[in-house]
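Just passing along the structure, written as structure tokens.
Here, each number is a calculation from the coordinates, and none is a lab measurement. What you see is a predicted model, and the numbers here were worked out from it, not measured in a lab. Using ideal geometry, Cβ is built from the backbone for each residue, glycine included, and neighbour counts are taken over all protein chains shown.
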Amino acid sequence: MARALAIDRSKLPDPGPSRSFALPAIEKSRLANGLRVWTVRHTQIPVVSFILLIDCGASADPAGQDGLAALTADMLDEGSGDRSAIQMHQALALIGAQFDTDIGSDATAVSVTSLSRVAPRALGIVADIVARPALREFDFARVRQLRLHRLKQLKDSPAAVADRVFLKLLYGADPYGHSPIGSESTLSALSIDDVRAFHQREIGPASATLIAVGDCEHAANVRLAEDVFTGWTAPERSPTIPSAPAADTLVRLAVVPRPGAPQSELRIGHVAVERSSPDYHALSLANAILGGQFVSRVNLNLREDKGFTYGARTAFEFRRRRGPFVLQASVQSAATARAIEESLAEVAGIRGPRPVTQEELSFGIAALTRGYARNFETADQIGRAVMQLALYDLPDDYYAQYVSRIEAVTRDDVSRVMAAHVDPARLTTVIVGDPSIFTDELPRLGLGAAQIMAPDAF
Amino acid sequence: MTLAFSKHTLANGLDVLLHEDRACPIVAVNIWYHVGSKNEQPGRTGFAHLFEHLMFEGSQHHDHGYFQPLQGAGGTLNGSTNADRTNYWEVVPSNALELALWMESDRMGYLLPALTEAKFTNQRDVVLNERRQNYENRPYGLAPMAMLAALFPPDHPYHWTTIGEIADVRDAKLDDVRAFFERYYHPANASIAVAGDIDSGEALELVDRYFGEIKTGARVDNVRADAALARDIRVHIEDRVELPRLYIAWLTPAMFADGDAELDLANDLLANGKTSRLYKRLVFDERVATDVFASQNSREIAGYTQVVATAAPGHTLREIETVVLDEVARLAADGPTDDEMERGRAQAESQFIFRLQTVGGFGGKSDQLNAYNVFVGDPSYFERDLARYRGVTPESMRRTVQRYLDPAARVTMSIVPRGRLDLGAGGSAAVEVS
């Protein structure tokens, strides 16, 4: 082919106007038993993704029973009626369906993706799993044992240890203070009766939303859901929103010794802000600039400038109640103190001393808004997006409003929300690493004496 | 379902694959360079991957980082290196296609003038930290190093991992980069796929405009090497782990070769998921293991099948080894059941269609087109690939398992808690890895 013009490499090509795209429309119904059924048609590929979102996550664990919600979720696919766990999974495999259970702090999501022609069968199996699990003593003993083994293994994982210690120091006895798996002592004390009671009480249609995305029709989904979830009832429960006393004593620095470790796993943060905050958009943008993307202050400093780490990032974990703000990185042991210093300086800096520049602001806005369409390409992505609406009671036009809400954020907004929601004096720093390498340097951080903790101190 | 495309080869040898999918206003740009850690030499390992990092540090006409303009246009991007190839991709809003091509072509054509000692040193430190994070400081993280070293002889290009040896990465020199770039990073050793919201004709013109001017290099010959196991090689590592883990591996056919699909399906029915034979025996019934999984690692020159299981507290890897060998022998003698065949086929059919859901990223349609083009020379291989799985019969699977999963020619590796060699599979020699 004949090549036209020589190209101009003196400047980058300017993207022209972006092509508009239609956000998915959601059709909604509610069944007599209270189950919400939401459908988004997405017909490129003959595939349907169902997500059953249940308003019950690890924070619903009763006091002293850490791990019960996750254990119950894990027990769901362990058989239904006369069928064993293995038979349930054989039925799913026979139609080539992909099944998954996810538990978070605020909710549990059970999902299945299959070819559209077998989607009704896939949902039938999921209904048996969620609404009619066998919950047998025999399976319980095995599943709990596997979780205890998993806990044992997690003690060797620096990242898992850091996460668990961090949450405990931030939240103490608050329901957000433990990871979903619970602890050895609480898991050991649970019985199958606890699981049965929890399932009966918490896993009901009135607090669940069935989201269907793909090559399917809403009316058919409603009929299908009425059919497969027939007989599933539960009293409408008032969502338990426990009060959120943060841990009463502030620990500014904690070390979990891991002798010989080549890196220190770091977590720096504090309890911050809830999903419903009016500052959500400004905080999202602030975080993108601070540590939410590759081209962020924290990553450019710790990785691209200093070479201390493979990557560093920050996040506001938005939840129903106030979730944590966290900076995380795994840094080479000899750079531990310097990496913490730099991290603390970045967090403090963006609140005022080094406010975001107009350039950073424009870049952050562009990064969050211009590629917005790519979050809505697959049925699974759309399902996860719609799930956020159900989980946090967001309006249907939430995604349609997103771009303009981000574009409206100003530099002052960023400074204001960071000052309001991030307080350098309240940050807790957790180090999982080899103290012999960095202990001498810790005093200069000005964080006081380090609390030394065991990897299973929770 | 098919994966429709058109293929063109530019005068400089660059293969161009185009796929239209206009549902979402995004475009994936995906480039494969046919070079990986298999092109390295002993003593110089880890270089292909280190080089990949340098590709994100700027090029002659845009020397301030690779991420900035693409993220600022709303794009997302990444790259990866494995034994056989290195890939780079962007997914951008369709209006930024030209920007992505500008950036990719600038680093293909003009990387070296922007390369400095400072960038090189920085990324060498980043890679050493990547190694610490993903291998050295992770439970069982040194297993891949030990397993590959035991499976393949020292001069075989699969003897080492892609991340490389620490000493080799430390010793890497800026001068090596130039030679490596000139040998492997040129149009005739690359394949670009553009998939998504495009008009194929316009996209081809753009690709030709940006890449057509880049001068070609010498053809890179395929790497060839042989490996064979003549006995049961038994090794162990004492490590910072709570529970012992057993690895049993066999040399198997290369990617797409006869027997590869059979072993893929055989691994699933042996050890993947709750329906698998080993899960049922080891985890469900006998409860001697806490997890089990298996994979056919299909590579360009050779493959290997690996079964991995972690012992439950109070149990040894010897108990697990007995059960694994027993189930492999049973499959080699009797083959799969009809039910197992039906499930395996249903899952393969679904997986192939699930793979068509996204245009970009690792494993998306653009990545698949490049994989087929680079490894088979035929981007239309999608349907023939699926046909390989449809063509597996109970007898072909049985025969393949019998031939390749030979108990007398394997590597058996135990990773045990320090001081607890008694929990291992026994009869093994210690191996040093770092």
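Below 22 Å, Cα to Cα, which lysines can B:LYS38 reach? Residues fewer than 8 away in the same chain don't count.
Result set, ordered by chain and number: B:LYS173.
Round to a whole angstrom and tell me the spacing of the C-alpha centers of region A:291-322 and region A:376-409.
For region A:291-322 versus region A:376-409, the Cα centre distance is 23 Å.
Rounded, prolate or oblate: which fits the protein assembly as shown, taking a ≥ b ≥ c as square roots of the Cα gyration tensor eigenvalues, rounded meaning a/c under 1.5, else prolate when a/b beats b/c?
Here the protein assembly as shown falls in the rounded category.
Residue by residue through region B:257-268, what is 3J(HN,Hα) from phi via Karplus (6.51 cos²θ - 1.76 cosθ + 1.60, θ = phi - 60°)? Round to whole Hz and write x for glycine and proline.
For region B:257-268, the Karplus-derived couplings read 6, 4, x, 5, 5, 4, 6, 4, 5, 5, 4, 4 Hz, x marking Gly and Pro.
Note down the nm distance, to one decimal, between modelled labels 7 Å out along Cα→Cβ at A:ASP393 and at B:ARG418.
5.3 nm
If one takes the longest principal axis of the Cα atoms in chain B, at what angle in degrees, from 0 to 90 and to the nearest 10, does the Cα axis of helix B:381-390 lie?
So the helix axis and the longest Cα principal axis differ by about 10 degrees.
Note the angle between two axes, namely the Cα long axis of helix B:365-376 and the longest principal axis of the Cα atoms of chain B, as a number of degrees from 0 to 90, rounded to the nearest 10.
80 degrees
About the Cα centre, and with charges only on the beta carbon of Lys, Arg (+1) and Asp, Glu (-1), how big is the dipole of region B:121-209? Nearest 20 debye, please.
For this selection, approximately 480 debye.
Take A:ALA189, project a point 7 Å from its Cα along the Cβ direction, then tell me which residues of region A:56-73 have their backbone nitrogen under 20 Å from it.
A:58-73
Cα gyration tensor of region A:82-191, axes a ≥ b ≥ c as square roots of the eigenvalues: rounded (a/c below 1.5), prolate (a/b > b/c) or oblate?
Here region A:82-191 falls in the prolate category.
Could you rank the peptides A:433-443, A:34-44 by their average count of other C-beta atoms within 10 Å per residue, with the highest value first?
Packing order, densest peptide first, comes out as A:34-44, A:433-443.
Give the angle, between 0 and 90 degrees and rounded to the nearest 10, that separates the Cα long axis of helix B:174-184 from the longest principal axis of the Cα atoms of chain B.
Tilt of helix B:174-184: around 90 degrees.
Using R₀ = 45 Å, calculate the FRET efficiency as 1/(1 + (r/R₀)^6) where r is the Cβ-Cβ separation of A:ILE452 and B:GLU117; round to 0.05.
Computed FRET efficiency for A:ILE452 and B:GLU117: 0.65.
At 7 Å along the Cα-to-beta-carbon direction for both B:SER434 and A:GLU217, put a label point, then send me their distance in nm to one decimal.
With each label point 7 Å from Cα toward Cβ, the separation is 6.8 nm.
Which links in A:LYS168/A:LYS306; A:LYS28/B:LYS274; A:LYS11/B:LYS119 stretch past 25 Å when you go from one Cα to the other?
Beyond 25 Å: A:LYS168/A:LYS306; A:LYS28/B:LYS274.
Given H placed on each backbone N at 1.01 Å, which residues far from B:VAL288 in sequence or on other chains put an amide H within less than 5 Å of it?
none
Aspartates and glutamates near B:LYS7 by alpha-carbon distance under 15 Å, same-chain residues fewer than 8 away left out - which ones?
Filter leaves B:ASP15, B:GLU20, B:ASP199, B:GLU202, B:GLU205, B:ASP208, B:ASP367, B:ASP378.
How far apart, in nm, are the 7 Å Cα→Cβ label points at B:ALA218 and B:ALA387?
The two pseudo-label positions are separated by 3.8 nm.
Which percent of the Cα-Cα distances in region B:6-211 go past 20 Å?
59 percent
Taking region B:281-346, how much of its Cα-Cα pair set, in percent, is spaced more than 20 angstrom apart?
43 percent
Then there is this: Round to the nearest 0.05 the FRET efficiency obtained for B:GLN41 and B:ASP285 when R0 = 51 Å and r is the Cβ-Cβ distance.
Efficiency, from the Cβ-Cβ distance: 0.60.
If only Cα atoms are counted, what is the Rg of chain B, and what is its Dmax, in Å?
22.9, 66
Scan around A:VAL255 for amide H atoms under 5 Å from its own, H built in the peptide plane at 1.01 Å from N, and keep only partners 5 or more places away or cross-chain.
Under 5 Å from the amide H of A:VAL255: A:ILE431, A:GLN451, A:ILE452, A:MET453.
At what distance in angstrom do the alpha carbon centres of region B:1-31 and region A:250-285 lie from each other?
One Cα centre to the other: 42 Å.
Over what distance in Å are the Cα centres of region B:401-433 and region B:49-117 separated?
42 Å
Here's something else I'd like to know. From other protein chains only, count the Cβ atoms within 10 Å of every residue's Cβ in B:133-145, then give the mean.
Per-residue shielding by partner chains comes out at 4.
Full-extension gain between A:ARG444 and A:ARG19, please, as 0.36 nm times their residue separation minus the C-alpha to C-alpha distance.
Result for the pair: 147.7 nm of gain on full extension.
Averaged over its residues, how many other protein chain Cβ atoms are within 10 Å of peptide B:353-359's Cβ atoms?
6
Taking springs between alpha-carbon atoms closer than 10 angstrom, which of B:ILE237, B:ILE166, B:ILE248 fluctuates most in the Gaussian network model of chain B?
Its mean-square fluctuation being the largest, the pick is B:ILE166.
Calculate the mean, over all residues of peptide A:356-368, of how many other protein chain Cβ atoms lie within 10 angstrom of the residue's Cβ.
Shielding by partners across A:356-368 averages 2.
Same structure again: What ranking do A:ILE340, A:ILE45 get, fewest neighbouring Cβ atoms within 10 angstrom at the top?
A:ILE45, A:ILE340
Classify chain A: rounded, prolate or oblate, from the alpha-carbon gyration tensor (a ≥ b ≥ c, eigenvalue square roots; a/c under 1.5 rounded; otherwise prolate if a/b is larger than b/c)?
Oblate, since a/c reaches 1.5 and b/c is not below a/b.
Follow-up question, since we're still on this one. What dipole magnitude, in Debye to the nearest 20, does the protein assembly as shown give about its Cα centre under +1 on Lys/Arg Cβ and -1 on Asp/Glu Cβ?
The calculated dipole for the protein assembly as shown is roughly 760 debye.
With no solvent and one equal point scatterer placed on each C-alpha of region A:262-408, evaluate the Debye formula and give log10 I(q)/I(0) for q = 0.15 Å⁻¹, two decimals.
So the normalised log intensities work out to -0.85.
I've got another one for you. Can you run the Rg to Rh ratio on region B:232-430? Use alpha carbon positions and the Kirkwood inverse-distance Rh.
Across region B:232-430, the Cα-based Rg/Rh ratio is 1.01.
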